[in-house]
């Protein structure tokens, strides 16, 4: 059964969880990967209850052994791998601890390298499959107060672009979805109790997921590398 | 009945004609616009034969009165407008006639302004609708031998980006599809008899059309401005 | 005597006039070109009074015959050509007159084509020389309220980039200076009487001129195409 | 005496050493920093012999304590800091060792963070000074075979851009020089014995150094963030 690995899965109303549910509904077996077992289990339970197939895999995106084991678990049916790990890491450079800058890179960019490398190691021999990354407006330019996150996200995007070119002729579709603005998910709803009232300014998670599905289904004579997604209310 | 205007329609196996047929199949009434009546009529006949609805409108994309009349014909049901006019205009600047440079801009960029302006004049009062432009790799950078086309396409893309920002809050979704490479359509098949043998290197028209459909259907909390499309064999 | 053509010359405290004076001080004979004879004459008088050499040439940047005559006047000593014509053309697309959009392109981009073409026609046979363009932040992206100017400036920049690639091997250095923000010149001083008080936010004309001089003097084994210039107070 | 720290100094005919010599000739006291003591000593000896002032400081750009000590040594006279560390790290992602990818980032990007942070910690209280980074064409886009280097360099460039915006209002000028192509230095001359014969295709080190000097001397009402440098023979 065609299998997808999706890493960076957290709360149900987050992008990772909704990517899992949608691709399960599209008929793929999902390896639901992240750091928090109960969150993963909840996603798996919902998928199974809806008649789909999924397995929770606890994995730290920055730990090579975890990522190798995750891809080993997927086996020969792997057709889709999505790297959705990495949180925003704001802060001014002048005040920044060394470990904070490094950790930003480790989760956002280094984890993307480990994940991407293991994906192409499995997909290139098959000659097809998709490798998709979650980006942000931070991926495209530096901004005051976001140097660490900007640097890491730009590093990830440029890595993804290099991989897109490096493995296209092998039949591997590498894509990058630029999420430009706050997502209407659980994190933001909890932090800003008034968020529901300004929902028009929060990107629809289902809409972002549509973008990933669109990229995954593209025929190899019409691949997109990049897709930006924002609300009609966003300034850019 | 929801109506689309699609301008830049030529031979059946070209992007314009296939955009018309697909959006007709999606249930829209299509105004099939271009300069060559028989080509337009053929597209309309096919749409009608398939149970859809379409009307041929002879219009020159660079003539203001033609564009105003075209949009007047669409009336209040307009929901989608696609600007697909404009051919490549190669040539070195040192040898270039003034009229050639101007004509490149007139078809590629000025026509896009006329079309885009008339579209927002009709769509803004309704508060929704899509305005989509066909771009090219030429839209993104200058290249030796393509200065006129690069200049015109970059002018169109930047205009589209300004319009995307200017009318988003009014509910109008402006998008730009970057077609990166040769299209597997009639023009190229006729010019290069061996093209069929290297189909893998020619972008799938159906795949490009998928991109336009995807953009048009996005919810306003998850709009994309730009989508690049190329084959797995393209160097970029 | 090494000769420069500088077009887009207006008031003394403007970029065009200051470019003329600096390159005259650097030892070049200057053809001071623009539409307003008295302004050109004033610049020439100052240059001559300072011991330099200059001639006023009334020319409309959008008129082919004017531009050809201007380059004919420079003759075989031409070594530098600077295109500094073109004003900002704000306005929403929905309200814009067709002629306004066209005129924006004609001055900003089409004039740049005429000027650039005549420059390479004279410089390529010599095997050296610089062709420099004045850009703006508008050259780099579309923005609400500036669609016409953005489109024209992006068209000019991309043309310049194509020319840079097309004529580099012939020894012609094409460059583009992105002026990012308001210039501390006469226009702004007159419009905003308080401008002097916020001089720190207005780009130093002398500093911009430094950039043009720097580009012109670069050896051919170390050419820059683009230079951005802004004040330390600018948001970007 | 106004002091500069320049890190990433190697052989005499390399960019780092030539930056040291030029800024010493411009009257600055130079801290010549790198990993190889004899190379640093040779540069210092030449500077001193020419009447300048310089000190060799062995420092590993990736070691926090080294960088802190380096800036401590510069003391209150620091006015310029240049990060020139980092070599190309080619290789396909599919074959790449984890440590190789990490080390590429550590030297190219993480070292730039440490260096930049220490620089702004010293310069912001003074209210002026320049922080300049050496970039590459790799900084701008991903390319097959260069994923690690592309990712690291893009991470550095975006960090530099964020810092440029973050510290401009504090009077700190952050700049980034994009070296687009092979440099005509010792490394390449040794690897390719025929390099001298194709000198026209190798970027002039003196020309790159000119760019750094130009950026450092810009007045704060006319700062550039980025400068690209290439030969007239380069394809781009």
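One residue is enough: does the range B:100-111 have a residue meeting the conditions farther than 29 Å from residue B:26 by Cβ, at pLDDT below 95 and in contact with a strand residue (DSSP E or B) (Cβ under 9 Å, 6 or more places away or on another chain)? Checking the range B:100-111: not a single residue is farther than 29 Å from residue B:26 by Cβ, at pLDDT below 95 and in contact with a strand residue (DSSP E or B) (Cβ under 9 Å, 6 or more places away or on another chain).
In the range D:113-138, the residue that is farthest from the chain's Cα centre (by Cα) out of those that are at pLDDT 95 or above and within 9 Å of another protein chain (Cβ to nearest Cβ) is D:124.
Evaluate the following for residue C:58: is it surrounded by fewer than 24 Cβ atoms within 10 Å (Cβ to Cβ), touching a strand residue (DSSP E or B) at 6+ places or on another chain (Cβ under 9 Å) and closer than 25 Å to residue C:225 by Cα? Lay out the reasoning, then the answer.
Working: surrounded by fewer than 24 Cβ atoms within 10 Å (Cβ to Cβ): yes; touching a strand residue (DSSP E or B) at 6+ places or on another chain (Cβ under 9 Å): yes; closer than 25 Å to residue C:225 by Cα: no.
It is false that residue C:58 is surrounded by fewer than 24 Cβ atoms within 10 Å (Cβ to Cβ), touching a strand residue (DSSP E or B) at 6+ places or on another chain (Cβ under 9 Å) and closer than 25 Å to residue C:225 by Cα.
Residues considered: A:24, A:56. Of these, the only one that is touching a residue at least 12 places away in the same chain (Cβ under 8 Å), on the phi < 0 side of the Ramachandran plot, part of a helix (DSSP H, G or I) and in contact with a helix residue (DSSP H, G or I) (Cβ under 6 Å, 6 or more places away or on another chain) is A:24. Pairs linking a residue in the range A:59-75 that is under 22 Å from residue A:152 (Cβ atoms) to a residue that is surrounded by fewer than 15 Cβ atoms within 10 Å (Cβ to Cβ), with Cβ atoms under 6 Å and 6 or more positions apart or on different chains, are A:64/D:98.
Scanning the range A:209-236 for residues that are touching a helix residue (DSSP H, G or I) at 6+ places or on another chain (Cβ under 7 Å) and closer than 30 Å to residue B:202 by Cβ returns A:212, A:213, A:214, A:218, A:219, A:221, A:222, A:224, A:225, A:227, A:229. If you go through the range D:192-208 and keep only what is outside any loop (DSSP other than H, G, I, E, B) and either at pLDDT 70 or above or in contact with a helix residue (DSSP H, G or I) (Cβ under 9 Å, 6 or more places away or on another chain) (or both), you end up with D:195, D:196, D:198, D:199, D:200, D:201, D:203, D:205, D:206, D:207, D:208. Applying the condition of being surrounded by 23 or more Cβ atoms within 10 Å (Cβ to Cβ) and within 18 Å of residue A:177 (Cβ to Cβ) to the range B:198-221 and asking which residue is nearest to the other protein chains (Cβ to nearest Cβ) yields B:221. Return yes or no: is residue D:168 farther than 30 Å from residue C:128 by Cα, at the interface with chain C (Cβ under 8 Å from one of its Cβ atoms) and modelled with pLDDT of 95 or more? Considered against the rule, which asks whether it is farther than 30 Å from residue C:128 by Cα, at the interface with chain C (Cβ under 8 Å from one of its Cβ atoms) and modelled with pLDDT of 95 or more, residue D:168 comes out as yes.
Flag: residue B:184 matches the condition of being modelled with pLDDT under 95 and surrounded by 21 or more Cβ atoms within 10 Å (Cβ to Cβ).
There is at least one residue in the range D:124-133 that is surrounded by fewer than 20 Cβ atoms within 10 Å (Cβ to Cβ) and on the phi > 0 side of the Ramachandran plot. Only one entry in C:229, C:179, C:174 is in contact with a strand residue (DSSP E or B) (Cβ under 6 Å, 6 or more places away or on another chain), under 19 Å from residue D:225 (Cβ atoms), without any contact (Cβ under 8 Å) to a residue 60 or more places away in the chain and crowded, with 17+ Cβ neighbours inside 10 Å, namely C:229.
Of the listed requirements (1) crowded, with 23+ Cβ neighbours inside 10 Å; (2) under 21 Å from residue A:230 (Cβ atoms), residue A:144 misses just one: (1).
If only residues of the range A:76-110 that are in contact (Cβ under 8 Å) with a residue 24 or more places away in the chain, more than 10 Å from chain D (Cβ to nearest Cβ) and under 13 Å from the mean Cα position of the chain (by Cα) are counted, the one that is nearest to residue D:118 (Cα to Cα) is A:107. Considering (1) part of a helix (DSSP H, G or I); (2) within 11 Å of chain D (Cβ to nearest Cβ), the lone condition that residue C:233 does not fulfil carries the number (1).
The values are calculated or read from the model by the stated rules, or taken from the named source; none is laboratory data. Given the structure is predicted, the values throughout are model-derived calculations rather than measurements. Heads up, the Cβs are rebuilt from the backbone with ideal geometry, glycines too, and the neighbour counts pull from every protein chain shown.
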